[in-house]
Amino acid sequence: MDDDDTRFQIDIRLAAVPLAACATAGAVALLRRHCLGFVFQGFNLLARTTAVENVELPLLYRGVGLKERRGAARDALKLVGLAGWEAHTPAELSGGQQQRVAIARALVTNPLVLLADEPTGNLDTQRTREIHGAAVVAEP
């Protein structure tokens with residue numbers, strides 16, 4: 001490395017908010033809640049709640065009312081091919097179905113950015129294509 005220690009500044013913004021401005025835990029939480037969707041490799045589904053309740057969770061944190069929340073969650077489950085499975089708990093679902101519930105939960109808020117750790121690793125090729133298409137067409 002040379003002696004010239006040239007530094008540069010990067011201005012990263014999400015929803016027109018500079019990330020550098022998110023100095024508090026509360027600001028970061030708001031950014032996560034309103035701009036990001038997450039699909040975790042381990043799914044992180046709540047064991048005692050149904051598929052539709054798991055998908056509703058991010059909307060609950062946003063303060064969305066039950067009727068609107070439930071409708072959006074059902075639509076997200078339909079988008080990932082799980083219409084009719086709303087009342088099932090994670091223990092009653094296969095690994096691939098659990099993964100699709102996790103994907104539906106990430107998509108239900110129409111996030112600006114979707115962060116996913118192997119989101120379709122447990123799915124067959126056809127279902128993977130469907131999920132990729134659903135993620136691409138989801139609009140904020």
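Nothing in this text is a laboratory measurement; each read-out follows from the coordinates by a stated rule. Every value quoted in this text rests on a predicted model; they were computed, and no experiment measured them. Glycine also receives a Cβ, built like all others from the backbone with ideal geometry; neighbour counts cover every protein chain displayed.
Laid out as a table, the results:
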item: Amide H within-cut-off set for ALA116, under 5 Å, with H built and near neighbours excluded; result: VAL39
item: Compactness relative to 2.2 N^0.38 Å, alpha carbon Rg of the range 47-137; result: 1.00
item: Helix-only mean residue ellipticity at 222 nm for the chain, each DSSP H run of n ≥ 4 adding -39500 (n - 2.57), per residue, nearest 500; result: -14000 deg cm²/dmol
item: Separation in nanometres of the label points that stand 7 Å from Cα toward Cβ, at LYS67 and ALA29; result: 2.9
item: Simple label model, 7 Å out from Cα along Cβ direction - ALA20 to ALA87, nm; result: 5.5
